[in-house]
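The structure appears right after this line, and notes come after that.
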Amino acid sequence: MLLGELQRVLAYPKLQPLAAMAMSAEAMLFHYCSIVTVVEPSEVTKVVHRDPDDDQVAAVALMAKADAIVSGDDDLLSLR
């Protein structure tokens, strides 16, 4: 689910300067997948009340013991 979201976001016009790096959104996603460990949480707790889809992001971050969530999403940013 989140890898599909990443692919969609990488194609946003505001991220087109990344395309100047001569790497398509698909190529960036492929490279990203080659350097990360993909985790799938067994349980998703409700923590983002306005946008329950963001609960998946929080659950993955907790399971992976992430140091940070990089996002422009207001609901995720409100979790600080």
Legend entry - Computed over the chain: relative contact order in percent, which uses C-alpha pairs under 8 Å that are six or more apart: 23 percent
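Could you list Asp54, Asp73 so that the one with the fewest beta carbons within 10 Å of its beta carbon is first and the one with the most is last?
In increasing order of surrounding Cβ atoms, one gets Asp73, Asp54.
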Inset, instruction - Percent of Cα-Cα pairs per 10 Å bin, from 0 to the last occupied bin, for the chain, please list those. - result: 16, 46, 32, 6
Inset, instruction - Would you work out which of Tyr32, Ala66, Ser42 lies farthest towards the positive end of the dipole of the chain, given +1 charges on the beta-carbon of Lys and Arg and -1 on that of Asp and Glu, about the Cα centre? - result: Tyr32
Inset, instruction - Mind putting a number on the dipole of the chain about its Cα centre? Charges go on the C-beta only, +1 for Lys and Arg and -1 for Asp and Glu, and I need it in Debye to the nearest 20. - result: 220 debye
Inset, instruction - Let me have the 222 nm mean residue ellipticity of the chain computed from DSSP H runs of 4+ only, each contributing -39500 (n - 2.57), with the sum over all residues rounded to the nearest 500. - result: -11500 deg cm²/dmol
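No lab work stands behind these numbers, since they all come straight from the coordinates. What you are looking at is a predicted structure, and each value in this text was computed from that prediction instead of being measured. Reconstructed Cβ throughout: ideal geometry from the backbone, glycine too, with neighbour counts over all protein chains shown.
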